[in-house]
Amino acid sequence: MVSENLIQMLLPKAFNSTGRAEGEGKVREWWGLEGGTRFIATTDRLSAFDRVLARVPFKGQVLNELSAFWFRQTADIIDNHLISVPDPHCSVVREARPLPVEVVVRGYITGVTSTALWRRYELGERVIYGQRFPEGMRKNQKLPRPIITPTTKGGPTGHDERLEPREVVEKGYLDARTWSAVQDAAIALFERGTEVAVRAGLILVDTKYEFGLNSDGTLMLIDEVHTPDSSRLWLASSYAERFEAGQEPESRDKEFVRLAYAEKGYRGDGEPPLMPDALWVQASLVYQELYERLTVMDFVPSAYPVEGRVLEALARERAVRKGVEAGAGKSRRG
């Protein structure tokens, strides 16, 4: 892992954007390539409450390389879009048409965002995502079984909107066959993630999956998998004791960032409060530690600044893809 001093020094240089992308999301930017492929760069931007809050050195590298690890670990469950990783911050993927719903699998009742189970429960709801919850539940309590809680992608409010599982088909987001396949894959992925997390001394609490369809209509896993951005993970060794004491579990994801903002009364509306650099240094360390725990490999930090390196990798990949397409064209004409 990288030292705190180095992370502190790199805070101003954390990868925000190349400024040349064809498309951009909260934490990623991308370019189209030949042959139905896409070049994706994962930035160091950290988002929560559907807002970009900061830039964290090495965060993008962890997300990119950890997702690649999980794509390989789950390829026997469902096909995915990953082709290659030409740079620590970058991936080449197959183009896919994203499904209009995100799928969150939850094994515990927790969370402080507007779509989180515990947030809805503490506001008095007892039927959440179409599932009935009994009185007397406690924050961070394990559920009898994992449940699927779908959301739209940035509804009318600009935030994710909750759906009951039945509404995915009833409201026309997906057909019944595709939705059934998505749910089966999501549960199988969560079980695989849980197995690997246990070996790493962790609890996979909940996680978001995104799916898409490739050009022939095949269902694929896309985006990112079991990262500290898309998942909650707790240290297993201290969970039971801290739960009984009414304390928050020791997290190895970005939940502690959400909690820090929630403690200041911020849940995504208005201007976010300023936070000390120490919070972002801690975030970088947490992300790196999680990578090492799950992959059982040392984290090898990439060089900064990142922007030039990303553009160089993009140029190389464009040249390779054009060469492949040109060769294929000659072969067809021949």
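Numbers for the structure displayed
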read-out: Criterion violated by Trp118 - all others in (1) within 15 Å of the chain's Cα centre (by Cα); (2) closer than 30 Å to Leu235 by Cβ satisfied; value: (1)
read-out: Residue ranges of strands (runs of 3 or more DSSP E) in the stretch 1-85 with at least 3 members open to solvent by 20 Å² or more (accessible area, probe 1.4 Å); value: 28-33, 51-55
read-out: Contacts under 6 angstrom Cβ, first residue in the stretch 250-275 being at positive phi, partner of a type outside the set (D, E, K, R), 6 or more apart; value: Gly268/Phe49
read-out: Residue within the stretch 98-106 that is in contact with a strand residue (DSSP E or B) (Cβ under 7 Å, 6 or more places away or on another chain), of a type in the set (Asp, Glu), surrounded by fewer than 22 Cβ atoms within 10 Å (Cβ to Cβ) and over 30 Å from Ile128 (Cα atoms) present; value: no
read-out: Residues (under 21 Å from Phe58 (Cα atoms), buried (at least 24 other Cβ atoms within 10 Å of the Cβ) and not hydrophobic (A, V, I, L, M, F, W, C)) located in the stretch 208-228; value: Glu224, His226, Thr227, Pro228
read-out: Output for the stretch 107-130, where each listed residue is of a type in the set (A, V, I, L, M), assigned to a strand (DSSP E or B) and either open to solvent by less than 30 Å² (accessible area, probe 1.4 Å) or touching a Gly at 6+ places or on another chain (Cβ under 7 Å) (or both); value: Ile109, Ile128
read-out: Criterion: of a type outside the set (Val, Ile, Thr) and not in a loop (DSSP other than H, G, I, E, B) - qualifying residue of Tyr266, Tyr239; value: Tyr239
read-out: When residues of the stretch 225-282 are limited to those that are more than 20 Å from Leu204 (Cα to Cα) and small (Gly, Ala, Ser), the one modelled with the lowest pLDDT; value: Gly268
read-out: Every residue from the stretch 289-306 that is in contact with a Lys or Arg (Cβ under 9 Å, 6 or more places away or on another chain) and under 15 Å from Gly60 (Cβ atoms); value: Leu290, Ser302, Ala303, Tyr304, Pro305, Val306
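The values are calculated or read from the model by the stated rules, or taken from the named source; none is laboratory data. Bear in mind that the values here come from a model prediction, so they are computed numbers and not experimental data. Cβ: placed from backbone, ideal geometry, glycine included. Neighbour counts: every protein chain shown. Ligands, DNA and RNA are stripped out before the accessible areas are found, and what is left, the full protein with its side chains, is counted by its heavy atoms. Shrake-Rupley method; radii C 1.70, N 1.55, O 1.52, S 1.80 Å.
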